[in-house]
1. Among Ile138, Ile154, which is open to solvent by less than 20 Å² (accessible area, probe 1.4 Å) and either among the aromatic types (Phe, Trp, Tyr) or within 23 Å of His180 (Cβ to Cβ) (or both)?
2. Taking the criterion of being among the hydrophobic types (A, V, I, L, M, F, W, C) and assigned to a helix (DSSP H, G or I), would at least one residue in the stretch 97-114 satisfy it?
3. Glu126 - would you say it is of a type in the set (D, E, K, R), outside any strand (DSSP E or B) and open to solvent by less than 30 Å² (accessible area, probe 1.4 Å)?
4. Can you spot a residue in the stretch 137-151 that is modelled with pLDDT of 95 or more and touching a helix residue (DSSP H, G or I) at 6+ places or on another chain (Cβ under 6 Å)?
5. Please work out if Asp163 is open to solvent by 50 Å² or more (accessible area, probe 1.4 Å) and either more than 16 Å from Val124 (Cβ to Cβ) or modelled with pLDDT under 95 (or both).
6. If I filter the stretch 17-35 down to residues being over 16 Å from Arg74 (Cβ atoms) and open to solvent by less than 20 Å² (accessible area, probe 1.4 Å), which single residue comes out as modelled with the lowest pLDDT?
7. Can you tell me which residue is nearest to the chain's Cα centre (by Cα) among those in the stretch 81-123 that are under 25 Å from Ile154 (Cβ atoms) and surrounded by fewer than 20 Cβ atoms within 10 Å (Cβ to Cβ)?
8. Where residues in the stretch 56-77 are touching a residue at least 24 places away in the same chain (Cβ under 8 Å) and not in a loop (DSSP other than H, G, I, E, B), which of them is surrounded by the most Cβ atoms within 10 Å (Cβ to Cβ)?
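The values are calculated or read from the model by the stated rules, or taken from the named source; none is laboratory data. Bear in mind the structure is a predicted one, so any value in this text is a computation, not a measurement. Neighbour counts run over all protein chains shown; Cβ positions are idealised from the backbone, glycine included. Just the protein is used for accessible areas: all its heavy atoms, side chains included, with ligands, DNA and RNA removed. Shrake-Rupley method; radii C 1.70, N 1.55, O 1.52, S 1.80 Å.
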Amino acid sequence: YQCDWSSDVCSSDLCAACGAQVTRQFRPGPGGRPDAVCPRCGSLERHRFLSLLLGILAPDLRGLDTVVEIAPSRQTTPLLDRLGARRRVSLDLGCDNRQVDALASLCALPLRDASVDLLVCYHVLEHVPDDSAAMREIARVLSPHGTALLEVPIKVGVATEEDPDASPEERLRRFGQDDHVRWYGDDFDDRLSDAGLSSLRVTPPALVGEAAVRWFGLMPHEVVWIAHHGKGVAPAMLAGGPAT
């Protein structure tokens, strides 16, 4: 893979999830998004960013005992397998046919207190009517030095809008999907804090730079929350922010 980082010109795109050199660029994805899907492994932007994020966090993820993935996907499972944890557990509610180790609700995880070293929960909380209970469960099962990687749809500059009782048609109109019950806003960090989690926001430009966002086919405005035990909100590491 040949890339001149100083010239801002790269010979081809690179999939951070599978390592493929994508000479014909990434394919269009959901909603017609350009450069979204890797033609080799099928990864989307969020999967490639997760791969990079796990690589950057690698020094803190050595010697993992238990890794838990909520609502796993065929793109993310191989990324977590690479961590070499002693125990890998995948959980889901069972609304589709994805393969998991156990059927369980995020609001009642079948896991011991302080037993999880890494928990990955991408695009799940927006489906859960009682997301406060789900966040408290995440805080409960995390070990004292455990990490949770969380991702939800968010609108910046507004508060969370939610309506668990809305009809599927109303949910589609207001929240983007008929199985979503909310669209998160700026208060998402406060919700995590109320559940006993401190959080740090990371975005692709802040973490790897604008040029790498293009080369790896990432979504510039994607936000991932890195959460740990403890009250309070960590400084936001957003592109263009003071922590960049």
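1. Ile138
2. The answer is no, given that none of the residues of the stretch 97-114 is among the hydrophobic types (A, V, I, L, M, F, W, C) and assigned to a helix (DSSP H, G or I).
3. Criteria met by Glu126.
4. The answer is yes, given that some residue of the stretch 137-151 is modelled with pLDDT of 95 or more and touching a helix residue (DSSP H, G or I) at 6+ places or on another chain (Cβ under 6 Å).
5. For Asp163, the condition - open to solvent by 50 Å² or more (accessible area, probe 1.4 Å) and either more than 16 Å from Val124 (Cβ to Cβ) or modelled with pLDDT under 95 (or both) - is not met.
6. Restricting to residues being over 16 Å from Arg74 (Cβ atoms) and open to solvent by less than 20 Å² (accessible area, probe 1.4 Å), the top hit is Val22.
7. Tyr122
8. It comes out as Val68.
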